[in-house]
Amino acid sequence: MTAATETDAHKLPALLNALRLPSFKAHWQEVTEMADHEGWATAQALALLAE
């Protein structure tokens, strides 16, 4: 797995398409903005997306 500093968030929509995760693709930006603003742990943001 690549380090977080090497991850390009611009690739995320294509990756989510490849993984067939349309709900993640539709909501990831909103959830990550909330997580950043509220200081959530990564797992908390992923759990919200998975719901």
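The values are calculated or read from the model by the stated rules, or taken from the named source; none is laboratory data. Note that the structure is a prediction, hence the values are computed from the model and not measured. Neighbour counts are summed over all protein chains in view; Cβ atoms, including those assigned to glycine, are modelled from backbone coordinates with ideal geometry. For accessibility, only protein heavy atoms count, side chains too; no ligands or nucleic acids. Shrake-Rupley method; radii C 1.70, N 1.55, O 1.52, S 1.80 Å.
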If we take the chain, then helices (runs of 4 or more DSSP H) inside it with 3 or more residues that are at pLDDT 85 or above and of a type in the set (D, E, K, R) are 22-38
Expected output for segment 21-49 (first residue touching a residue at least 24 places away in the same chain (Cβ under 8 Å), partner open to solvent by 60 Å² or more (accessible area, probe 1.4 Å) and in a helix (DSSP H, G or I), Cβ below 7 Å, 6+ apart or cross-chain) is LEU49/HIS27
